[in-house]
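Novice: One structure is given below, represented as structure tokens, and several questions about it will come after.
The values are calculated or read from the model by the stated rules, or taken from the named source; none is laboratory data. No experiment lies behind these values; they were computed from the predicted model shown. Virtual Cβ from ideal backbone geometry, glycine too; neighbours counted across all protein chains shown.
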Amino acid sequence: MKKTLVWLFVAMIYSGCGGDNAHDGENGLISGGSSDSTVVLLQQIEDAVLVAQSSSLAITAASTKAAIVALQDEQSVEELGSAQSLATTLFETWKGVEAHYVAKGLDDAMIDIPAQIDVFNIGNIDIPTRLDEIFAGSSPLEGQLYQSATRSMSALEYTLFGNQEMSDVNMTQRRADAAKIMIDHIEGHVTTIAEFYSEGSAFVDAGEDAVGIMINQMIDSTYKLKEWRIGDPAGYTLKYRDDPDAEHLEYYHSIRSLQAMRAILSAQESVMLQGLQGIAANNSASSEADALVILIKDAIAQIDSFSTPIEESPASSKTLGLYNTIDTIQTSYTALINALNFTQDIIEADGD
Amino acid sequence: MGSLGIEYFFDTHQRIFWLYLLVSSMIAAVYILYHREKFKTYLDPKIWWHRSARLDYGYFIVVSLIKSTFIIPLLLSSKEVALLTALTLQELLGYMPAMGWSREAIMLLFSATLFIVSDFTRYWLHRLMHALPFLWRFHRVHHSAEVLNPLTFYRVHPVENVLFGIRYALSAGLVTGLFIYLFGARISLIEVIGVNLFVFAFAMLGSNLRHSHVPLRYGNTIERWVISPFMHQLHHTRMGAEHNYGGALAVWDRLFGTLYITEVSVLQFGLGKGTGHDSILDLLTRPLKLKKEISYEKDRLIT
């Protein structure tokens, strides 16, 4: 008995002799981040990214609308140029908001809004053909443009830019009126998004789940960036294997596809830098988050290095490099999920 | 520096976390109230200070040190398996948008799946430890205990620790990887004091009494689904050691024909005369020294 007591005494001293013993190696991944700091970082993402970018989107939509109203009054080259310039800003701002559109995970009423605004790769409607038919007709536009697709960003792009060359745009009164119907539709929806984010803290209140929803959304936007926006036009995907076609690019008509890709990546970078990287650091996942930020920056740099629009050559070596980097970003998001502490990593090594 | 196991009493993931011990003690106290004739038996120093029990206490400290120093730092992590699983599923099946289930539903399904799959793999590894002579030589260390107490749970040879560690990493990793593939970053466990709800519930059902002399039963109906302390005690007898391999659920024993429930008032634990161990060193080294494979059947014949 004495021997055992001595053993126990030694054991207690050993256990109490240093911080190293507090960690037995079995439960090393239990969250080290306080929920308070997570809330602060979520609030920062909400304020600096969600609210700021959606408000900017709503303001840009209003400005674009004003320019289109002016275009309705006078279909001059100046007014058209002004509307086109604002519209491209609108497209890019929207891509950013879409990239981190967590509203659909927070409120069921917000699920369908993106599909009302943007139908890229959704549905089978050939928007240019359909719009050309409508512009050539004389039926009331409101009835003709009843489908969301014909009021979407893609529809507005085609209406304002025509088939890539400005000279191709025969900006008639009817075309300008159609653009007004489209921007009204878009403005209504982006205003709803801006109001949703600015009115409450559903995102912050969701806590840990908000992080999950955000990462899922960013993975989704990364996948679509890789497959839909780069892979399909470049002929890297199964769907269009070895059949590159610039017309599959998202903003082919306005030659703004690279800028749209950049906006998506910039939005992801903002989310990371404004809070997600900090949340990851608080939960033993800083190396995964840091690697992700480096990759996103690298992808943005690759986009900036394109000397000619991707519309001119959708399957260049630069495109392939970008595609591969985005693929690695997608994998890195999965690694980030795995590294975050929202799942247990106990090591259970005892029998029974 | 390694661990000597003292912190296990304060770690909610450990079987001997103080709350689980307390609850088991309270359950035992209630049981004793209804079986007062056995009162002296349960508190008899012949059990708690038996040679085998003392060996358990010392072995617990030594094996904790071995585990924390040599085994756990080198063991495969379930997170590594999870990442590999998620990426492999993406590669094979393609990207799938995260399913939009409610967070509560995801948490419940993930917690239950993790618990069930882990219990299933525990059943099979435990059964293999008995069926394969090469493994039995290590598992017999656990079955050599002649009396049972909560620390007998840790009377496991380090080789068995490694096998159970790999088992957990694989089963938890595969489940987690699958759930990451299906639900992305929204997976989470329903936890009580930092432990999977189902694991916690099992612990609160008196899991520490499995290695004790309190023959607590849950009743025939429940015992078709959950392994009671008495059922595990039967497993520690020579007549019942080929049965009741289950960790928490009795379903596996029922499905694979190893469920065993009988009415016995006196249980004789251990492997029989001459098969016990004399020292901690003997517990650790004898399985490695055996020149011939020793099967469970051979152990049974020793009287």
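Novice: Please indicate, with yes or no, whether at least one residue in region A:68-75 is part of a helix (DSSP H, G or I), within 28 Å of the chain's Cα centre (by Cα) and at pLDDT 95 or above.
Specialist: yes
Novice: Would you confirm whether any residue within region B:61-72 is touching a residue at least 24 places away in the same chain (Cβ under 8 Å), crowded, with 18+ Cβ neighbours inside 10 Å and among the charged types (D, E, K, R)?
Specialist: Yes; the residues of region B:61-72 include at least one that is touching a residue at least 24 places away in the same chain (Cβ under 8 Å), crowded, with 18+ Cβ neighbours inside 10 Å and among the charged types (D, E, K, R).
Novice: Here's a check for you: in region B:134-175, which residue that is without any contact (Cβ under 8 Å) to a residue 40 or more places away in the chain and over 18 Å from residue B:75 (Cα atoms) is surrounded by the most Cβ atoms within 10 Å (Cβ to Cβ)?
Specialist: B:139
Novice: State yes or no: is residue B:259 touching a residue at least 40 places away in the same chain (Cβ under 8 Å) and either assigned to a loop (DSSP other than H, G, I, E, B) or surrounded by fewer than 19 Cβ atoms within 10 Å (Cβ to Cβ) (or both)?
Specialist: Criteria not met by residue B:259.
Novice: Here's a follow-up. Report yes if some residue within region A:88-98 is within 18 Å of residue A:186 (Cα to Cα), assigned to a helix (DSSP H, G or I) and touching a Pro at 6+ places or on another chain (Cβ under 8 Å); otherwise report no.
Specialist: Looking through region A:88-98, at least one residue is within 18 Å of residue A:186 (Cα to Cα), assigned to a helix (DSSP H, G or I) and touching a Pro at 6+ places or on another chain (Cβ under 8 Å).
Novice: Considering each residue of region B:204-245, count those that are over 19 Å from residue B:42 (Cα atoms) and of a type in the set (D, E, K, R), and give that number.
Specialist: Number of matching residues: 4.
Novice: Something else about it: Test of understanding: among B:82, B:105, which residue is over 19 Å from the mean Cα position of the chain (by Cα), at the interface with chain A (Cβ under 10 Å from one of its Cβ atoms) and either under 30 Å from residue A:213 (Cβ atoms) or part of a helix (DSSP H, G or I) (or both)?
Specialist: Only one candidate passes the filter, namely B:82.
Novice: Taking residue A:313 as the residue in question, decide whether it is within 12 Å of another protein chain (Cβ to nearest Cβ) and either surrounded by fewer than 19 Cβ atoms within 10 Å (Cβ to Cβ) or not aromatic (Phe, Trp, Tyr) (or both). Don't jump to the end; show me each part of the working.
Specialist: Numbers: within 12 Å of another protein chain (Cβ to nearest Cβ): no; either surrounded by fewer than 19 Cβ atoms within 10 Å (Cβ to Cβ) or not aromatic (Phe, Trp, Tyr) (or both): yes.
Criteria not met by residue A:313.
Novice: Taking residue B:153 and the conditions (1) more than 9 Å from every other protein chain (Cβ to nearest Cβ); (2) over 16 Å from residue B:287 (Cα atoms); (3) among the hydrophobic types (A, V, I, L, M, F, W, C), which numbered condition does it fall short on, given that it satisfies the others?
Specialist: Single failed check for residue B:153: (1).
Novice: Picking from B:22, B:55, which residue would you name as being more than 7 Å from chain A (Cβ to nearest Cβ), in a helix (DSSP H, G or I) and buried (at least 20 other Cβ atoms within 10 Å of the Cβ)?
Specialist: B:55
Novice: So residue B:178 ticks every box in (1) surrounded by 21 or more Cβ atoms within 10 Å (Cβ to Cβ); (2) under 30 Å from residue B:93 (Cα atoms) but one. Which box is left unticked?
Specialist: (1) is the only condition that residue B:178 fails.
Novice: Does residue A:222 satisfy the criteria of being polar (S, T, N, Q), farther than 30 Å from residue A:281 by Cα and either within 14 Å of chain B (Cβ to nearest Cβ) or out of contact with any strand residue (DSSP E or B) (no Cβ under 6 Å at 6 or more places or on another chain) (or both)?
Specialist: Details: polar (S, T, N, Q): yes; farther than 30 Å from residue A:281 by Cα: no; either within 14 Å of chain B (Cβ to nearest Cβ) or out of contact with any strand residue (DSSP E or B) (no Cβ under 6 Å at 6 or more places or on another chain) (or both): yes.
When the stated conditions are applied, residue A:222 does not pass them.
Novice: So if I check each of B:36, B:51, which one is in contact (Cβ under 8 Å) with a residue 40 or more places away in the chain and of a type in the set (D, E, K, R)?
Specialist: Going through B:36, B:51 in turn, the sole match is B:51.
Novice: Of all residues in region A:198-208 being touching a residue at least 40 places away in the same chain (Cβ under 8 Å) and part of a helix (DSSP H, G or I), which is surrounded by the fewest Cβ atoms within 10 Å (Cβ to Cβ)?
Specialist: Looking at residues that are touching a residue at least 40 places away in the same chain (Cβ under 8 Å) and part of a helix (DSSP H, G or I), I get A:198.
Novice: Picking from B:189, B:148, which residue would you name as being part of a loop (DSSP other than H, G, I, E, B) and either aromatic (Phe, Trp, Tyr) or under 16 Å from residue B:118 (Cβ atoms) (or both)?
Specialist: B:189
Novice: Residue A:82: touching a helix residue (DSSP H, G or I) at 6+ places or on another chain (Cβ under 7 Å) and over 19 Å from residue A:178 (Cα atoms), yes or no?
Specialist: In short, no.
Novice: Also, I was wondering about something else. Just name the residue that is nearest to the other protein chains (Cβ to nearest Cβ) out of those in region B:1-10 that are in a loop (DSSP other than H, G, I, E, B) and surrounded by fewer than 21 Cβ atoms within 10 Å (Cβ to Cβ).
Specialist: B:1
Novice: Within region A:241-295, take every residue that is hydrophobic (A, V, I, L, M, F, W, C) and part of a loop (DSSP other than H, G, I, E, B) and give me the one that is nearest to residue A:307 (Cα to Cα).
Specialist: A:255
Novice: Exactly one condition in (1) surrounded by 16 or more Cβ atoms within 10 Å (Cβ to Cβ); (2) in contact (Cβ under 8 Å) with a residue 24 or more places away in the chain is not met by residue B:131; state its number.
Specialist: So the condition that residue B:131 fails would be (1).
Novice: So, in region A:110-133, how many residues would count as being in contact with a Phe, Trp or Tyr (Cβ under 9 Å, 6 or more places away or on another chain), outside any loop (DSSP other than H, G, I, E, B) and within 14 Å of another protein chain (Cβ to nearest Cβ)?
Specialist: The total comes to 2.
Novice: Okay, next question. Being of a type in the set (Phe, Trp, Tyr) and exposed (fewer than 13 other Cβ atoms within 10 Å of the Cβ) is the filter; apply it to region B:25-51 and report the residue that is nearest to the other protein chains (Cβ to nearest Cβ). First the steps, then the outcome.
Specialist: Within region B:25-51, the first condition is being of a type in the set (Phe, Trp, Tyr), and the residues that meet it are B:31, B:34, B:39, B:42, B:48-49.
So of that shortlist, the ones also exposed (fewer than 13 other Cβ atoms within 10 Å of the Cβ) come out as B:34, B:39.
Values: B:34: 27, B:39: 23 Å.
Among residues in region B:25-51 that are of a type in the set (Phe, Trp, Tyr) and exposed (fewer than 13 other Cβ atoms within 10 Å of the Cβ), the one nearest to the other protein chains (Cβ to nearest Cβ) is B:39.
Table: residues versus (1) in contact (Cβ under 8 Å) with a residue 24 or more places away in the chain; (2) surrounded by fewer than 20 Cβ atoms within 10 Å (Cβ to Cβ); (3) more than 19 Å from the chain's Cα centre (by Cα).
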{"site": "B:183", "(1), (2), (3)": "yes, no, yes"}
{"site": "B:189", "(1), (2), (3)": "yes, no, yes"}
{"site": "B:192", "(1), (2), (3)": "no, yes, yes"}
{"site": "B:211", "(1), (2), (3)": "yes, no, no"}
{"site": "B:223", "(1), (2), (3)": "yes, yes, no"}
{"site": "B:227", "(1), (2), (3)": "yes, no, no"}
{"site": "B:249", "(1), (2), (3)": "yes, no, no"}
{"site": "B:254", "(1), (2), (3)": "yes, yes, no"}
{"site": "B:264", "(1), (2), (3)": "yes, yes, yes"}
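Novice: Limited to region B:87-102, what total is found for residues that are assigned to a helix (DSSP H, G or I) and either acidic (Asp, Glu) or crowded, with 17+ Cβ neighbours inside 10 Å (or both)?
Specialist: So the count comes out to 4.
Novice: Let me ask another. Condition check: surrounded by fewer than 23 Cβ atoms within 10 Å (Cβ to Cβ) and away from chain B (no Cβ under 11 Å). Does residue A:281 satisfy that?
Specialist: Numbers: surrounded by fewer than 23 Cβ atoms within 10 Å (Cβ to Cβ): yes; away from chain B (no Cβ under 11 Å): yes.
Against the criterion (surrounded by fewer than 23 Cβ atoms within 10 Å (Cβ to Cβ) and away from chain B (no Cβ under 11 Å)), residue A:281 qualifies.
Novice: Among the listed residues A:259, A:274, identify the single one that is surrounded by fewer than 22 Cβ atoms within 10 Å (Cβ to Cβ) and in contact with a Lys or Arg (Cβ under 9 Å, 6 or more places away or on another chain).
Specialist: A:259
Novice: Quick one: count up the residues across region A:145-167 that are closer than 13 Å to residue A:185 by Cβ and outside any loop (DSSP other than H, G, I, E, B). Before the answer, list the steps.
Specialist: Going residue by residue through region A:145-167, those that are closer than 13 Å to residue A:185 by Cβ are A:145-156, A:159.
When the remaining residues are screened for being outside any loop (DSSP other than H, G, I, E, B), the result is A:149-151, A:153-156, A:159.
So the count comes out to 8.
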